[in-house]
Each structure stands twice: as structure tokens, then as C-alpha cells.
Amino acid sequence: MPYPETEYWNPITETLDPDRLREIQLAKFRRVLAWVYERSPMYRRKYDEAGLRPEDVRTWDDVAKVPLVTKDDYRCQGTDPFPYGDTLCVPLEEVTEYHQTSGTTGTPVYQPDTWADWEWFSELWATILWAQGYRPTDRVFFPFGYHVFIAFWTAHYGAERLGCEVVPGGVLGTRERLLKMRELKTNAFMATPTYVLGMAETARKDLGTDPREWGIQRITCAGEPGASVPTTKKRMQDAWGCPVYDHVGATEVGAWGFECRHQPGGQHVIESMFLVELLELDSDRPVTRPGVPGRIVITAFDRRAQPCVRFDTKDVSMWAADGCGCGRTWRILEGGVHGRVDHITKVKGVLFSPVTVEEVVRSFEELDGEFEIFVEKRGDLDHITLKVELPDGLAPPDRDDLLKELASRLRWKTQLNFDIQPQPYGSLPRYQVKARRFHDLRKEGGA
């Protein structure tokens with residue numbers, strides 16, 4: 001285990017010369033490509049249809065010839081070997097862990113892991129947590145329901161790998177979780193941004209306490225873009241009085257990116273374990289210039305049971321122009337994950353992202369409740385509605401001034417006019433995991 005005073009969990013891989021790193025990545029890519037071609041009927045069928053064999057990939061230019069995969073390629077599961085079908089790359093008896101995606105974008109994907117895969121996954125999380133300042137002296141609380149979703153399962157084991165003391169929140173409700181955190185004087189926890197804010201709200205309103213006085217020293221978020229949205233991050237940090245760090249991962253590929261404690265305005269890619277590519281939003285051409293949005297495509301080099309090779313996540317980000325003061329040589333995605341391609345849509349001919357609305361709403365101190373966005377067709381025109389909770393007791397003219405300023409900022413940031421519908425505080429849904437605030441009724445077939 002690294003000494004506590006070191007910056008890096010693995011100093012060799014985290015500070016590797018970029019040219020040497022690229023050599024290793026290409027070798028690892030070719031190895032996993034051969035593995036899935038040999039072991040997975042799904043991949044072999046896909047590559048044969050494209051006229052590609054693993055030995056055809058010799059240089060970085062050849063990587064672009066490899067077909068992309070999506071969630072739909074994994075939704076053929078359910079056949080023998082049950083339940084993984086022809087995506088499984090190891091004998092069924094070697095599978096020791098089962099998880100699945102949440103199904104928020106369609107039929108869940110089943111994810112098998114061998115014990116070696118699980119060790120690999122916890123090593124990823126150890127890298128992330130160490131970079132965010134977690135140490136063996138920390139007592140870390142996990143306020144989530146341990147479920148078939150992968151969620152923070154591997155973060156739990158990554159924290160144990162570091163030597164942290166882990167306290168599981170399990171089936172406890174929010175109030176009981178907070179009471180247990182206070183009782184045991186935990187100094188760190190992990191949750192979605194929505195739940196981090198919800199816990200602070202419960203602590204203030206139900207327990208009558210200020211969470212800033214609880215001694216929490218760091219919080220790690222996942223599952224939503226919120227921790228990379230400056231106004232949401234500030235709100236969480238102000239609520240708990242400590243740094244909040246972002247992380248990004250997916251059930252299918254693993255925990256592939258993180259924000260270190262230097263908070264460079266983006267997320268490091270764990271390039272020793274993954275190849276992360278950006279492709280144009282409307283084509284498969286690569287994006288290499290900083291500041292240009294692209295779709296995130298990921299290859300996990302070292303997962304064995306069901307690897308992903310050139311997996312199109314449908315998430316969006318951009319390369320940062322600069323490095324980080326931490327000294328890591330891994331590249332940075334500026335602003336982390338900005339949202340999903342299927343959430344970035346045209347409204348009245350304007351390219352629209354729900355993350356922009358979150359940034360605006362969270363910039364108002366008065367708006368500490370929930371919000372929802374609805375896009376629908378009214379006649380031949382798009383109509384966009386924002387339902388937002390207003391604080392109790394807010395009366396005219398303060399109420400009218402607040403709504404007017406909110407509409408103005410939204411129009412400035414999005415070039416769109418919103419139908420803002422105030423809601424009573426506490427009336428909109430609360431979430432413990434991923435929030436579902438954006439509803440495109442044009443796609444969903446109505447209300």
C-alpha cells in the first residue's frame with residue numbers, strides 16, 4: 001500500500017510518460033480485441049460482418065476500423081449460457097458477481113464479473129479515492145440501498161482496499177442514515193448529487209441540525225453530472241462544509257474517470273486501464289482538439305467476463321487544453337460528463353441540454369428544492385416547461401422578482417423562453433439514486 005503522504009495510489013502508472021502510455025494502451029487494446037473475438041460470439045459476429053480480424057489492428061489508425069458497440073448489443077442477453085448469452089467470455093462457473101444497469105434508458109444489461117474482475121474494479125476505486133484524499137484513518141458511510149445495481153458496491157470495496165473503515169447504510173431510511181452518521185462521527189460519504197442535497201435538507205428540516213458541523217471532510221458523487229456542474233457543486237460544498245468530488249463510471253465499462261483533490265475543473269481518465277475516445281456528436285469521426293464536444297467511447301482493457309471494446313456510452317464531454325497541478329499525466333475531460341446525447345436535443349431549433357437548466361436553477365440560493373423540465377409539442381411548436389419549487393413564505397413582490405430573474409437567466413443561457421410553473425416546496429419527487437428531471441414528451445408519447 002502506498003504511504004499516506006504520497007499523492008498517487010500507483011505512482012508508476014499515474015505519472016507515466018504519455019508516449020510510453022500510448023504504447024501500452026495500443027498493446028492492451030490489441031490484447032482485449034483478440035480476447036473478445038475468440039471468446040464472444042457477439043463480438044466475433046460483429047467483426048466478421050465488418051470484415052475485421054484482430055490481427056488487422058496494428059496501429060492507432062486501425063483502431064477506428066473496429067465497430068462500435070452499444071447497450072443494444074448487450075440486450076440480446078437471456079439465452080444460454082443463461083442469463084448472459086453470447087456476450088459472456090468466460091465459463092459460467094467463473095462468474096462470481098452479478099449486477100445490472102438501472103434500466104433508465106431501456107431494458108437492463110446484465111453484467112457478470114469474475115473474482116479477478118471484481119479485484120480490478122476495486123483497484124479502480126482505490127485509485128479514485130486515494131486521489132480524492134481518502135486514507136486508512138477515514139470512517140466512510142455508504143448511504144445507499146445495496147441492490148442489483150452496481151451503484152457504490154465497488155466504491156465500498158475500494159474504500160476497504162485503502163484500509164478505510166466502512167459503514168454500510170443499507171436498508172436505513174434517510175433520517176436513520178443521518179442519525180447513524182452523526183452517532184459514529186463518520187467523516188466521509190458517497191452518494192448521487194441529488195441525494196447529497198436531499199440528506200442536507202433532511203438534516204436541517206427534520207433533525208434541526210447544521211450538517212456543516214458534523215465534521216464531514218469529503219464527499220464523492222456519482223450517477224449524475226451534478227458534481228461537475230459548478231453551481232450544484234457549490235451548493236453541496238456549502239451545505240456540508242467540505243470538498244465534493246466527482247467520479248464517472250458505468251456498469252458495462254467500470255469506474256473510468258475521477259476528479260482529484262486539486263479539482264482541475266474536469267475529470268482524469270484512468271488511461272492505464274481504459275482507452276477513452278471522443279467522437280463527433282453526429283458522426284464517428286474522432287475529436288482530438290480541446291474544447292470540442294464529443295461522444296465518449298470507452299474500451300476497458302482488463303475486464304475478462306464481459307469486456308466492452310469501443311463502447312458508445314452516449315455521454316458527452318470535451319478534452320481539456322491543460323493538465324492538472326497534481327502531476328498526473330492522464331488526460332482530463334473538461335467539465336466531466338456534460339450529459340447524454342439523447343438528452344441533448346433541439347427545442348425550437350436551438351440545441352438544448354438539461355444540465356444548463358440545473359446550472360441556472362442551482363445558482364439561486366432561494367431555490368434549494370427540486371425542479372423538473374418538460375418538452376412537448378403544442379400544435380406545430382415546441383413548448384418547454386420548468387416546474388420549480390419555491391420556498392415557503394415567499395410572497396410578492398419577492399416571488400415575482402425571483403421568477404422574472406430566473407426566466408431571464410434561462411433565456412440568456414439557453415436562448416429559449418420557459419413556461420415557469422412554481423410548485424409548493426416538497427411537492428416534486430425526491431430521489432435517492434439517479435434523478436429523472438428531464439421529460440421529453442415528444443419522444444415519450446405524451447404526458
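The values are calculated or read from the model by the stated rules, or taken from the named source; none is laboratory data. The structure displayed is predicted, hence computed values, not measured ones. FYI the Cβ positions are ideal-geometry reconstructions off the backbone, even for glycines, and counts take in every protein chain you see.
Select from the stretch 383-438 the residues that are in contact (Cβ under 8 Å) with a residue 40 or more places away in the chain and either at positive phi or in the same structural domain as E201 (by TED's automatic domain parsing) (or both) and list them in ascending order.
If the condition is that a residue be in contact (Cβ under 8 Å) with a residue 40 or more places away in the chain and either at positive phi or in the same structural domain as E201 (by TED's automatic domain parsing) (or both), then Q415, G426 are the ones that fit.
Taking Y245 as meeting all but one of (1) surrounded by 21 or more Cβ atoms within 10 Å (Cβ to Cβ); (2) touching a residue at least 60 places away in the same chain (Cβ under 8 Å); (3) more than 21 Å from A435 (Cα to Cα), write down the number of the exception.
Y245 satisfies every listed condition except (3).
Looking at the stretch 366-382, which of its residues are among the aliphatic types (A, V, I, L, M) and within 30 Å of K205 (Cα to Cα)?
Within the stretch 366-382, the first condition is being among the aliphatic types (A, V, I, L, M), and the residues that meet it are 367, 373, 375, 381.
Hits for the stretch 366-382 are L367, I373.
Looking at (1) under 25 Å from G339 (Cα atoms); (2) not in a helix (DSSP H, G or I), which is the only condition Y146 fails?
(1)
For the stretch 316-339, enumerate the residues that are crowded, with 18+ Cβ neighbours inside 10 Å and free of Cβ contacts under 8 Å to residues at least 60 places away in the same chain.
V316, S317, M318, W319, A320
Out of all the residues in the stretch 164-193, which are loosely packed, with under 15 Cβ neighbours inside 10 Å and either of a type outside the set (A, V, I, L, M) or in contact (Cβ under 8 Å) with a residue 60 or more places away in the chain (or both)?
G170, G173, R175, E176, E183, K185
In the stretch 39-79, which residue that is assigned to a loop (DSSP other than H, G, I, E, B) and in contact with a Ser or Thr (Cβ under 8 Å, 6 or more places away or on another chain) is nearest to P108 (Cα to Cα)? Before you say what the answer is, go through the steps one by one.
Of all residues in the stretch 39-79, those assigned to a loop (DSSP other than H, G, I, E, B) come to 40, 50-53, 57-59, 64-68, 70, 75-79.
Checking the rest, the ones that are also in contact with a Ser or Thr (Cβ under 8 Å, 6 or more places away or on another chain) come to 40, 75-77.
Working: S40: 20, R75: 7, C76: 11, Q77: 10 Å.
Here the residue is R75.
Can you give me the ranges of the strands (runs of 3 or more DSSP E) entirely in the stretch 379-447 with at least 1 residues that are in contact with a helix residue (DSSP H, G or I) (Cβ under 6 Å, 6 or more places away or on another chain) and under 24 Å from A227 (Cβ atoms)?
The strands (runs of 3 or more DSSP E) meeting that bar are 438-440.
Which residue, of R31, R20, R39, is farther than 21 Å from L279 by Cβ, among the basic types (K, R), assigned by TED's automatic domain parsing to the domain that holds W120 and loosely packed, with under 12 Cβ neighbours inside 10 Å? Lay out the reasoning, then the answer.
Numbers: R31 fails: loosely packed, with under 12 Cβ neighbours inside 10 Å; R39 fails: loosely packed, with under 12 Cβ neighbours inside 10 Å.
After applying the criteria, what remains is R20.
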